[in-house]
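For reference, the structure is listed below as structure tokens.
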Amino acid sequence: MAQQATIEATTRDNAGKGVARSLRRAGRIPAVIYGRGRKPEALSVDTTAVTRLLTQVSASTTLVDVAVDGRATVKALIREIQRNPVRPTDIIHLDLYEVRANEKISVEAPVKLVGIPEGVRNFGGVLDHVTHSLSIRVLPGDIPDHIDVDVTALNIGQSIHVRDLSFDRFDVLSDGGTTVCTVVAPRAEEVVAPVVDATAVVEPELIRKVKPEEEGEAEAEGKEAKEGKKAEAKEGKKKE
């Protein structure tokens, strides 16, 4: 069921940027209320009260009792919140849409995924929540705080689309082919190749074929060494 809240409003006769700035300096937010068969009415509301209210409720699914100048309250939805682009916490204008209990209206309702998918619990899959809100047509008194979507039966590679959903109290207006959620396979762990330290690389030994002239020089040096040893041996014997 829709949340309930109350806003106290005051009518204002003047409009324009100058008037809006004056209201904001005085701690008021310019607002307007309109609806089917109702002439738009310029209002102002208390900045502190509205800012606190919006931190406690979901604006898109909350029915607001609006009391204008002490008159009997009317039920309305917050249709638009204009914020300061530099300071988003500052509200610069509020649009309220009066609703009738017996007339269906279109609202955006948040999607809440319920349960742990089979593919996540038993196979390590990952649940991907794709669509976080759905457009629905509903009676004001039946506006849900959120839309529950059961995901326990989903296995890896399976998805839930809007066309798979059905509800008793409201109609879903979002495109039937829209994916609400899906279970995907776990990502394979990336294997990181070892980093080779360039400074530690050993240069390969160069092996080359010995040239014929080098072979000849080596043989000559060997012969000279042998002859030298023979001569030393002979000299040794003579001395003896």
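The values are calculated or read from the model by the stated rules, or taken from the named source; none is laboratory data. Predicted model only: the values in this text are computed from it and were never measured. All Cβ positions, glycine included, derive from the backbone under ideal geometry; neighbour counts span all protein chains shown.
Scan region 159-177 for residues that are assigned to a loop (DSSP other than H, G, I, E, B) and within 21 Å of Ala59 (Cα to Cα) and the total you get is 3.
When the residues of region 158-180 are narrowed to those that are in contact with a Pro (Cβ under 9 Å, 6 or more places away or on another chain) and under 22 Å from Val138 (Cβ atoms), which ends up surrounded by the most Cβ atoms within 10 Å (Cβ to Cβ)? Only one residue tops the list, namely Phe170. Taken across region 31-43, residues that are over 34 Å from the mean Cα position of the chain (by Cα), surrounded by 14 or more Cβ atoms within 10 Å (Cβ to Cβ) and among the aromatic types (Phe, Trp, Tyr) do occur, with at least one present.
Entry remark, region 26-78: residues being among the acidic types (Asp, Glu), under 17 Å from Glu98 (Cβ atoms) and assigned to a strand (DSSP E or B) number 2 in total.
Scan region 140-183 for residues that are more than 24 Å from Glu118 (Cα to Cα) and without any contact (Cβ under 8 Å) to a residue 12 or more places away in the chain and jot them down. Within region 140-183, Asp168 is the sole residue that qualifies.
If the condition is being buried (at least 16 other Cβ atoms within 10 Å of the Cβ) and of a type in the set (D, E, K, R), then region 87-101 contributes Asp95, Glu98. Do we find that Thr48 is touching a residue at least 40 places away in the same chain (Cβ under 8 Å) and either over 26 Å from Asp142 (Cα atoms) or not assigned by TED's automatic domain parsing to the domain that holds Asp168 (or both) in this structure? So Thr48 does not fit the description; no.
Annotation: Ala59 fulfils all but one of (1) of a type in the set (A, V, I, L, M); (2) modelled with pLDDT under 90; (3) under 25 Å from Asn14 (Cβ atoms); the unmet one is (3). The criterion of at least 1 residues that are in the same structural domain as Thr178 (by TED's automatic domain parsing) and β-branched (Val, Ile, Thr) is met, among strands (runs of 3 or more DSSP E) falling completely within region 79-158, by 105-114, 126-129, 133-138, 147-150.
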